[in-house]
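A.B. asks: To start, I am sharing the structure in question, which I have written as structure tokens.
The values are calculated or read from the model by the stated rules, or taken from the named source; none is laboratory data. Everything numeric here is computed off the predicted structure, so don't read it as measured data. Cβ coordinates were reconstructed from backbone atoms using ideal geometry, including for glycine residues, and neighbour counts include every protein chain displayed. Side chains are part of the model used for accessible areas, which takes the heavy atoms of the whole protein and leaves out ligands, DNA and RNA. Shrake-Rupley method; radii C 1.70, N 1.55, O 1.52, S 1.80 Å.
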Amino acid sequence: MRGPFEQLFDFLNRRPLLLPVVVVLLLVAAVIGALRIDFEEDVFALLPRDEPLVSEAQLAIKRYRGLERIVVALECDEPAKLAAAVDQVDAALRKLEGIREVVSRIDQAAQQDIAELYMSKAGDPGKTPLLFDEAMQAQVEARLNADWYRQALQAYVDGQAGAEGIKIVKTFPADPFGFDGLTLRRFEKLNSGFAGKSDAQGRILSADGRLAILLVEADFPSSNTGKGRAFMVTLEDALAELPEGVTPHVIGAHRSSVDNAEVLRTDMHLTIATSVIAILLLFLLAFRALTPILVTLLSVGFGFAMALGSQGLVHGELSAITAGFAAVLLGIAVDYGIHLVTTYGSLDGEREERARLAIRHVGRPGFVAMLTTVAAVAMLRLSEFDGLHQLAEMAVAGIAGSLAFAFTAGPQLLRRMGPKPRAAMAIAGVVGAVQRGRRRLRWLLLGVMGAITLVLAAFVPSVGFDGDVLNLDGKSEQTRASETLVAQTFGQETLSRTLVVVGGNELEQALRQNDLAAHDLHAMGAKYESAAWVLPALQTQRDNVARWRRFWSEQRIEQVRRLVTETGVPHPNQPGQLLKMKESRLQGFFDKLKLVNEPQPLDAAQLKQRPVWLLLGNFISEQDGRWYIGTTAQLDASRMGELKARQPAAVVLNKAAFVGRMVQFIQHDLLYVGGISLLLVLVVLWQTFRNPREVAIALVPVAGGMAWTLGLMSLIGIPFNIINTLVTVFIAGLGIDYGIFFVQTYRGSDSREHADERLKHAGAGVLVAALTTLFGFGPLALAQHPALFSVGVTTALGVTSALVLTLAVVPTLLEMRGRHES
């Protein structure tokens, strides 16, 4: 009795124009849909859009300019040479196209502006009282002791003698405890975001003076790798002119993006060339013809067209990354065409008869395999990751479309241009030899396979989970080394800190929210850098002045008066005598403490027009009619909940918390989505076989293959990540297909000899399909990019495991107490 696929084959033979017309119409519809697609390149399109951490990360990155800065670090042991190198690079960078701003020091105009606006002068207490928050109060209080004052007085005396220079001589009487210095220190840290120091000209240096920092803002986003590549070449050319002994280091989002693009391009050239050559050789050796490649590629291409077209017609937008993953997942669909052409190439007779027999043999097992794969992949719709929802839709449409083309158009193509009879007998002969050896050693083989499975399964619970997308970054070793150097030298990295972004419809409103955020961070004991340090809201300025007045009570002023009049240092000209300051010399300082003259408030609207705003622009931005202000803090991820409770309206980005949440999502998908997929597969298999033993045997390649794959990943130290989690779905789909092809083929045979012959053809198809997958994706294990390497190794482990178990274990289990046992 003819099966449905054989009947369809004969029907299409009688109506030769029907199939081409249907294929063309479907392709036209797919092209129309594909042209409607708006591709997104944002990696956040893959992540859960309803997850607050993801939404806040997007907002924080969009609203905080500091995350897009390029950092140029210059390393030199000679201070004079380092200073000259900073000036040389600064001048060179300002001439380059693509640069909006260069900051190598606190801008001279800004420094003068700070001195004019913030520093105390005769009759003017400066702005210290306006900035007198809890943090500054603690710093001031720490200085009100004899030891600190004695050191400051000694510096003043040395300055008069020429040891320290004129600066300390001019400022000490009006500010003996260095309150203005506290304000200047805040500006120094805000200017760069790096803990260190500055020289007399305001250059940003490390504490040991060996490293200098320049901050570069490009006029294009880091995602524009085409422009970024050309920009980095010109930047490196400029840095190549540095004198001997000065080593440049470039880090930042633009550097990382270009590194990724370069390594991806190199890897893809290598892996694609290797894959194409290997697959061509495989098909030539297996079939002695290229027609099978044509049939296989056309079926996969048709499936991918259906996948893209359906997305365009239904949604209209698609993540480019999701499309790439879908192309990988559609690698499952290549198997249907391979099984067809392998069976066709193993038969004798005329082309039409061989095409009919081939579709008769592979039609039903292929269809059942497709149903189980589609059922498993469709469950990705339940994933927490939005990108996987589209991936599921594309994979279902693509896999179904590939099978439909392979099992309808494939036989029609083969009956006209298929390879010669018995063209695939060489590969079938290899499988036959493997099967004969398996029968001789079946008990030993089962014991070895079982022992390996048990040992590797014991390592499955220890496989790691890595939700940090930065670990999939293809940065060069030089860039990584530079990042480590800067991080160790300056004690922090902006991207590894917690970013807190607040907003308001008006600038003053945003400033007030920022002040409250800074207050909460201080209360939590966190170290932070905030524009609230130097530009609090008007209400906060009034609060700070009130705090200043409360702090400087008459009693405290009297204590300080006694401290400065009773504490002295050795007199430089009168040995044995102490030199002390006269109270009259410090009258301006005491007037400042009493606020005899109230300071004029800092007006943000006026500051926007002054040079000092250049320093605040890294923290304050205006977008879509709203103002946003960012604050960076060193805050443990475990305290994120406390910060959000204090600041519910703030956008908070913390790398550790973000990574932890992504790991939870990956674990959820593996357990929940994987469990539902397995349940559906079991339902389809039961409806097909109605035999628990055969259902269990069909699951051996996927269950055992996953145990082997995960166990080996644990042993060699490859963790789960958002990329290779998808590969496990791919491997599971292949394993299910392999098992179903063997079980269904065995069920459809009439005798032991017939079963042997059919299993030989099925094994040949599985072997060619597995080798095609290995040659297609295995070379990715040679890639330098961590994401591609992860895909390559995981695929190689999974496919090899499933293939070994399919050829070595499944036939033996089928033959034990099977219907054809002899």
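Conditions (1) under 22 Å from residue 792 (Cβ atoms); (2) surrounded by 19 or more Cβ atoms within 10 Å (Cβ to Cβ); (3) modelled with pLDDT under 80; (4) acidic (Asp, Glu), marked per residue:
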{"site": "333", "(1), (2), (3), (4)": "yes, yes, yes, no"}
{"site": "344", "(1), (2), (3), (4)": "no, yes, no, no"}
{"site": "350", "(1), (2), (3), (4)": "no, no, no, yes"}
{"site": "354", "(1), (2), (3), (4)": "no, yes, no, no"}
{"site": "365", "(1), (2), (3), (4)": "no, yes, no, no"}
{"site": "375", "(1), (2), (3), (4)": "no, yes, no, no"}
{"site": "379", "(1), (2), (3), (4)": "no, yes, no, no"}
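A.B. asks: Restricting attention to the range 288-303, report how many residues are part of a helix (DSSP H, G or I) and either under 17 Å from residue 351 (Cβ atoms) or of a type in the set (Gly, Ala, Ser) (or both). Break it down into steps so the answer makes sense when it comes.
C.D. replies: At the first step, the residues of the range 288-303 found to be part of a helix (DSSP H, G or I) are 291-303.
Subset that is either under 17 Å from residue 351 (Cβ atoms) or of a type in the set (Gly, Ala, Ser) (or both): 291-292, 294-295, 299, 301, 303.
Of the residues in the range 288-303, 7 are part of a helix (DSSP H, G or I) and either under 17 Å from residue 351 (Cβ atoms) or of a type in the set (Gly, Ala, Ser) (or both).
A.B. asks: Step by step: first the residues of the range 386-415, then only those that are open to solvent by less than 10 Å² (accessible area, probe 1.4 Å) and more than 17 Å from residue 333 (Cα to Cα), then the one that is modelled with the highest pLDDT. Which residue is that?
C.D. replies: It comes out as 414.
A.B. asks: Looking only at the range 202-245, how many residues end up being of a type in the set (Gly, Ala, Ser), over 25 Å from the mean Cα position of the chain (by Cα) and at negative phi?
C.D. replies: 5
A.B. asks: (1) farther than 29 Å from residue 538 by Cβ; (2) at pLDDT 80 or above: which one isn't true of residue 636, the others all being true?
C.D. replies: If we test residue 636 against (1) farther than 29 Å from residue 538 by Cβ; (2) at pLDDT 80 or above, just (2) comes out false.
A.B. asks: Since residue 237 meets every condition but one in (1) over 22 Å from residue 474 (Cβ atoms); (2) open to solvent by less than 70 Å² (accessible area, probe 1.4 Å), which condition does it not meet?
C.D. replies: So the condition that residue 237 fails would be (2).
A.B. asks: Could I ask something else about it? Quick one: which helices (runs of 4 or more DSSP H) sit completely within the range 480-578 and have at least 3 residues that are among the β-branched types (Val, Ile, Thr) and within 19 Å of residue 139 (Cα to Cα)?
C.D. replies: Passing ranges, in order: 554-566.
A.B. asks: Output the helices (runs of 4 or more DSSP H) that fall wholly within the range 346-461 and possess 2 or more residues being under 27 Å from residue 713 (Cβ atoms) and hydrophobic (A, V, I, L, M, F, W, C), or say none.
C.D. replies: Qualifying helices (runs of 4 or more DSSP H): 351-378, 386-417, 442-459.
A.B. asks: Of the residues 258, 216, 276, 263, which is hydrophobic (A, V, I, L, M, F, W, C), part of a helix (DSSP H, G or I), in contact (Cβ under 8 Å) with a residue 40 or more places away in the chain and surrounded by 13 or more Cβ atoms within 10 Å (Cβ to Cβ)?
C.D. replies: Answer to the selection: 263.
A.B. asks: While we're on this one: For residues in the range 669-695 being of a type outside the set (Ser, Thr, Tyr) and under 17 Å from residue 727 (Cα atoms), which is most open to solvent (accessible area, probe 1.4 Å)?
C.D. replies: Checked the range 669-695; the qualifying residue most open to solvent (accessible area, probe 1.4 Å) is 671.
A.B. asks: Which one of these does residue 565 not meet: (1) over 19 Å from residue 150 (Cβ atoms); (2) open to solvent by less than 80 Å² (accessible area, probe 1.4 Å)?
C.D. replies: Condition (1) is where residue 565 drops out.
A.B. asks: Across the range 569-593, what is the number of residues that are in contact with a helix residue (DSSP H, G or I) (Cβ under 7 Å, 6 or more places away or on another chain) and of a type outside the set (Val, Ile, Thr)?
C.D. replies: Here the count works out to 8.
A.B. asks: Also, quick follow-up: Please find, among 93, 82, 74, the residue that is in contact with a Pro (Cβ under 8 Å, 6 or more places away or on another chain) and closer than 28 Å to residue 483 by Cα. I'd like the intermediate steps shown before the answer.
C.D. replies: On the way: 93 fails: in contact with a Pro (Cβ under 8 Å, 6 or more places away or on another chain); 82 fails: in contact with a Pro (Cβ under 8 Å, 6 or more places away or on another chain).
Exactly one residue qualifies, and that residue is 74.
A.B. asks: Look at the range 379-403 and say how many of its residues are under 30 Å from residue 361 (Cα atoms) and either basic (Lys, Arg) or in contact (Cβ under 8 Å) with a residue 60 or more places away in the chain (or both).
C.D. replies: Counting residues in the range 379-403 that are under 30 Å from residue 361 (Cα atoms) and either basic (Lys, Arg) or in contact (Cβ under 8 Å) with a residue 60 or more places away in the chain (or both) gives 11.
A.B. asks: Is it fair to say residue 549 is open to solvent by 50 Å² or more (accessible area, probe 1.4 Å) and either of a type outside the set (Asp, Glu) or in contact with an Asp or Glu (Cβ under 9 Å, 6 or more places away or on another chain) (or both)?
C.D. replies: So residue 549 fits the description; yes.
A.B. asks: Please work out which one of (1) buried (at least 18 other Cβ atoms within 10 Å of the Cβ); (2) over 25 Å from residue 176 (Cβ atoms); (3) of a type outside the set (A, V, I, L, M, F, W, C) is the condition residue 543 fails and give its number.
C.D. replies: (1)
A.B. asks: Report whether or not residue 658 is within 26 Å of residue 54 (Cα to Cα) and either open to solvent by 20 Å² or more (accessible area, probe 1.4 Å) or free of Cβ contacts under 8 Å to residues at least 40 places away in the same chain (or both).
C.D. replies: Yes.
A.B. asks: Can I ask one more? Name the one entry in 338, 321 that is modelled with pLDDT of 80 or more and either at negative phi or buried (at least 23 other Cβ atoms within 10 Å of the Cβ) (or both).
C.D. replies: 338
A.B. asks: Now a separate question. With the requirement that a residue be farther than 27 Å from residue 248 by Cβ, at pLDDT below 80 and open to solvent by 40 Å² or more (accessible area, probe 1.4 Å), what does the range 459-486 give you?
C.D. replies: Correct list: 465, 469.
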